[in-house]
């Protein structure tokens, strides 16, 4: 479904993503790991159109993504969350969900109904009239997860969804990811929590210095020498 062919992104003399190639098939949960500075978030930004790539090609279901703006890629079925949730702090939860979809051909009542359904799905229905800034860190991640689903995406990109959240919220996120996976949605999941990567991923990719150093199963990851050295250092 998603093809990454020799994707490269530079910032001046720094090569943040260096010839990265892989695929994401429909219904896969692809775990993406690597030390800090490995290039993971930069790669996500390339896929979602925040950064324009300097080389290589990105394709979604046969359509080239190179040069498309983020909203155009969203329209094709790619949605994401961020490591630090990006909410409308002075808007209530329903408004937070409706705002990105307000330009779409749907009446306000149907958008509001879908927003309430998603707030109920993620467990925030009772807080619908609260402002975004009133939520805890974990609740903000749940709200952003719900907002991602407003577009009914085919590919969901999650950047550190479990970082700093209460174990109960982490378990809820696990459950929703598996639920949506069973419904046919694909995921790219970036997380430093390897237990979540092992539990959820159907395939794991590892990055180091902008390059792919591993692609395979969670079981193979744990004994791969290149991955061990990337995390612990050579020798």
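The numbers here are math on the coordinates, done by the rules we state, and not lab data. Everything numeric in this text was worked out from a predicted model, so none of it was measured. Note that we place each Cβ from the backbone using ideal geometry, even for glycine, and neighbour counts take in every protein chain shown.
Only helices enter this figure: runs of n ≥ 4 DSSP H residues, each worth -39500 (n - 2.57), summed and divided by the residues of the chain, yield -10000 deg cm²/dmol at 222 nm to the nearest 500. In percent, rounded to a whole number, the relative contact order of the chain is 28, using alpha-carbon pairs under 8 Å and six or more apart. In terms of the mean number of neighbouring beta-carbon atoms within 10 Å, the peptides 138-148, 184-194 order highest first as 138-148, 184-194. Helix 108-122 and the longest principal axis of the C-alpha atoms of the chain enclose an angle of approximately 60°.
Treating each Cα of the stretch 79-194 as an identical point scatterer and ignoring solvent, apply the Debye formula and state log10 I(q)/I(0) at q = 0.10, 0.15, 0.17, 0.20 Å⁻¹. Calculated log10 I(q)/I(0) at the listed q: -0.27, -0.61, -0.80, -1.12. In percent, rounded to a whole number, the relative contact order of the stretch 184-232 is 24, using alpha-carbon pairs under 8 Å and six or more apart. Axis of helix 137-149 versus longest Cα principal axis of the chain: the two differ by about 90°, to the nearest ten degrees. Between 0 and 90 degrees, the angle of helix 167-182 with respect to the longest Cα principal axis of the chain falls at about 80 degrees. Counted over the chain, the DSSP beta bridges are approximately 55% antiparallel. Between residue 92 and residue 129, the simple label model (points 7 Å from Cα in the Cβ direction) yields a spacing of 0.6 nm. The residues 114, 40, when put in order of fewest to most other Cβ atoms within 10 Å, stand as 114, 40.
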